[in-house]
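Written below as structure tokens is the structure these notes are about.
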Amino acid sequence: MFATIELRNPLVAIVLFAFFGSALPFPVWAQNAGPPESTTWNSLKGDVFEQKSIEAANGIVTIDAPKRAEDAAIVPVDLHFKTDATSGRIKAVTLIVDENPSPVAAVFKFGPDAGVTHLATRLRVNAYSYVRAIAETEDGKLHMTETYVKASGGCSAPAMKNTDEALANLGKMKLRVFPAKTTGLASMTRATEMQLMIRHPNNSGLQMDQVTRYYIPAHFIQGLTVSQGDRLIMSMEGGISISEDPNFRFEFDAKPGEDIKVEAADTEGKKFRDEWPLESSGLQESKPRI
Amino acid sequence: MSYATRRDVLKTGVLFACCGVSHARLAMAQPGHSGPLPVKQIADGVFAFAGTPAMMTDQNDGEICNVGFIIGDEAVAVIDSGGSVVEGKALIAAIRTQTDRPIRYLINTHMHPDHLFGNAAFESTGAIIVGHHNLPRALESRGSYYLQSYHDAMGSDLMADIRIVPPAKIITGEEELDLGNRKLSLKAWKPAHTDNDLSVFDQHTKTFFTGDLCFIGHLPTMDGSLLGWIALLATLSGIKAEVAVPGHGPVSSPWPQALEAESQYFDVLARDIRKAIADGVPMSDAVKSAGESERPNWKLFDEYNQRNATAAFAELEWE
Ligand SMILES: [Zn+2]
Ligand SMILES: [Zn+2]
């Protein structure tokens, strides 16, 4: 028999520990089987988007995630974007895992002519939870889509597997370029698919220092910018719900011949940067120039 | 940044530990055992119990992994406490059918709940809990999650007594424990099954308790480093043991043949994942088919293979 887990123990008290000195109650775990009411989201919405109204996405943004989080620490999530003349392009996308201790996983912002049509990343999912994407289009409207992810069974936990390895290679980056799946829109640009990987524990600060008995502060990538030449492709403000070794695969309109530049900063103030020439569309790993 | 402070809090929030929530234990009948755990003597003074290859549930009291104990002239060492306090107590009862010498050590082979949810049962014995130097860190970041996530499968009655009890004695590298004319060699390994794997070798009978570095029958689970585990197999197979007690599988098992099945699984999984990465297949697609040819060889394949593939993909992408 395979026993799925459902986190519904109301006695389990979860609180948010705020670095700003205040503590907020964390919404109770989903009470029912199957995709439940978006209770958590309803109480979260105002904190993230204030009073702005949010429409159904109607295909402007779509989200794919496994129904069951096989590995709670690494749940692949795929976003596809499809806009038209009425809505205008997508300016920003917010990715939220309702039941995580830090629900806002990331906010991505796209450059005006970046043409990002697809973005995949990996999330930690702590419990049965909705994972939702809210896209903001140029007309200022918000469009939301969501999917329900069940926590995996067994000893899978949303924690680091190999802490020392992640720390030993902190900030190391890797960029891969894939053959374009779609053809370019204009002669000077063409859709290119890329994958950016950054070594970082992106940890939640859950561990207690065994000597001092204080919790080790959270340590994660909080800002990331990907550009080509002087052109912004996308930026990210991130949190601890992004998996360790943050990983982004995205499709955008590339300009041939211009370098890809990545800059990232973590919560300890460390800055990481790298730069790669954009080679022809072969499937090879781009090596840093220097 | 244009958002309010609470939003920063939402992003940087830290999940506070909620372990050790102690409910008054219901005086009603507990599930499971009435008697001692049915252990088997596998060598002179060495006893082990073979867990069932299954998920932990209230039906099986979490008794899914192998646990054991070794009796010296002065004292007893226990290897893993099992998946519930019920199992831990039944293990203590089994020890008491063999000897009344004190239980000096409870060795935790690693962080997984099936191996240490029984720790609290040993508190009254005065046993010193022994673990890998990374075990406290691993339990700090997972303990409260484990207690929540097993709640439904195990049920309130079984979970009521379970607490995360970290080791009091830490092993770095290799160390000997003496039970009175009987020495055990403990070895803390580099990341493989987890980043806190500890093995126990009884020098007298050359019995090797591998913890979850060795799986037989039950599909291995990846929670450390696939590459580390593959690299470790050669070292492990060089250990001159007479027999082994794997973390999961027959008690006892011939050594080093006990490693053959998992070695093949790792090779197949690594090969499939490497090919997917080279072909540019995204993780979400690659994990659906990787390792599939190994399905007939294992129990719990559906429960763990995609998870293993996911972890392997994230690791091998950095090669
Ligand atoms: Zn196990
Ligand atoms: Zn294990």
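The values are calculated or read from the model by the stated rules, or taken from the named source; none is laboratory data. On a predicted model such as this, the values are computed, not experimentally measured, just so you know. So basically every Cβ, Gly included, is an ideal-geometry build from the backbone, and we count neighbours across all protein chains shown.
For region B:219-235, the set of residues classified as β-branched (V, I, T) and either at pLDDT below 95 or more than 16 Å from ligand 1 (Cβ to nearest atom) (or both) consists of B:I230, B:T235, listed by residue number.
Results for (1) surrounded by 15 or more Cβ atoms within 10 Å (Cβ to Cβ); (2) within 22 Å of the chain's Cα centre (by Cα); (3) without any contact (Cβ under 8 Å) to a residue 60 or more places away in the chain, shown as yes or no for each residue.
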position: B:L236; (1), (2), (3): yes, yes, yes
position: B:I239; (1), (2), (3): yes, yes, yes
position: B:Q257; (1), (2), (3): no, yes, yes
position: B:R274; (1), (2), (3): yes, no, yes
position: B:P296; (1), (2), (3): no, no, yes
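Of the residues making up region A:35-61, those that are more than 14 Å from chain B (Cβ to nearest Cβ) and of a type in the set (V, I, T) are A:T39, A:I54, A:I60, A:V61.
Residues in region A:27-42 include none that are closer than 30 Å to B:A290 by Cβ, part of a loop (DSSP other than H, G, I, E, B), under 21 Å from the mean Cα position of the chain (by Cα) and at pLDDT 70 or above.
When A:A254, A:A186, A:A191 are checked against the criterion of being more than 8 Å from chain B (Cβ to nearest Cβ), surrounded by 23 or more Cβ atoms within 10 Å (Cβ to Cβ) and either over 17 Å from A:V93 (Cβ atoms) or modelled with pLDDT of 95 or more (or both), a single residue qualifies: A:A254. Taken over region B:201-218, the criterion of being crowded, with 24+ Cβ neighbours inside 10 Å and away from ligand 1 (no atom under 15 Å from the Cβ) is satisfied by B:D202, B:T207, B:F208. Does B:A286 satisfy being among the small types (G, A, S) and either under 23 Å from B:A43 (Cα atoms) or within 16 Å of ligand 1 (Cβ to nearest atom) (or both)? Considered against the rule, which asks whether it is among the small types (G, A, S) and either under 23 Å from B:A43 (Cα atoms) or within 16 Å of ligand 1 (Cβ to nearest atom) (or both), B:A286 comes out as no. One residue stands out among those in region B:65-88 that are within 15 Å of B:P102 (Cα to Cα) and out of contact with any Phe, Trp or Tyr (no Cβ under 9 Å at 6 or more places or on another chain): the one that is surrounded by the fewest Cβ atoms within 10 Å (Cβ to Cβ), which is B:D73.
For region B:204-222, give me each residue that is outside any strand (DSSP E or B) and away from ligand 2 (no atom under 13 Å from the Cβ). If you could, list the steps in order and put the result at the bottom.
First, the residues of region B:204-222 that are outside any strand (DSSP E or B): B:204-206, B:216-217, B:219-222.
Across region B:204-222, the qualifying residues are B:H204, B:T205, B:K206, B:I216, B:G217.
Restricting attention to region B:101-142 and to residues that are within 16 Å of ligand 1 (Cβ to nearest atom) and at the interface with chain A (Cβ under 9 Å from one of its Cβ atoms), the residue that is nearest to the chain's Cα centre (by Cα) turns out to be B:H112. Any residue that is farther than 24 Å from B:V39 by Cα, away from ligand 2 (no atom under 16 Å from the Cβ), of a type in the set (G, A, S) and assigned to a loop (DSSP other than H, G, I, E, B) - is there at least one of those in region B:186-203? Taking every residue of region B:186-203 in turn, none turns out to be farther than 24 Å from B:V39 by Cα, away from ligand 2 (no atom under 16 Å from the Cβ), of a type in the set (G, A, S) and assigned to a loop (DSSP other than H, G, I, E, B).
Out of curiosity, is B:T235 assigned by TED's automatic domain parsing to the domain that holds B:I42 and more than 21 Å from B:H115 (Cβ to Cβ)?
yes
The criterion of being out of contact with any Pro (no Cβ under 9 Å at 6 or more places or on another chain), part of a helix (DSSP H, G or I) and of a type in the set (G, A, S) does not hold for B:A90. The residue list B:I129, B:I70 contains one member that is touching a residue at least 12 places away in the same chain (Cβ under 8 Å), closer than 23 Å to B:G249 by Cα and among the aliphatic types (A, V, I, L, M), which is B:I70. A single member of A:D164, A:D71, A:D98, A:D84 is over 17 Å from the mean Cα position of the chain (by Cα) and within 14 Å of chain B (Cβ to nearest Cβ), and it is A:D164. Considering region B:97-116, the residues that are touching an Asp or Glu at 6+ places or on another chain (Cβ under 9 Å) and in a loop (DSSP other than H, G, I, E, B) include one that is surrounded by the fewest Cβ atoms within 10 Å (Cβ to Cβ), namely B:P102.
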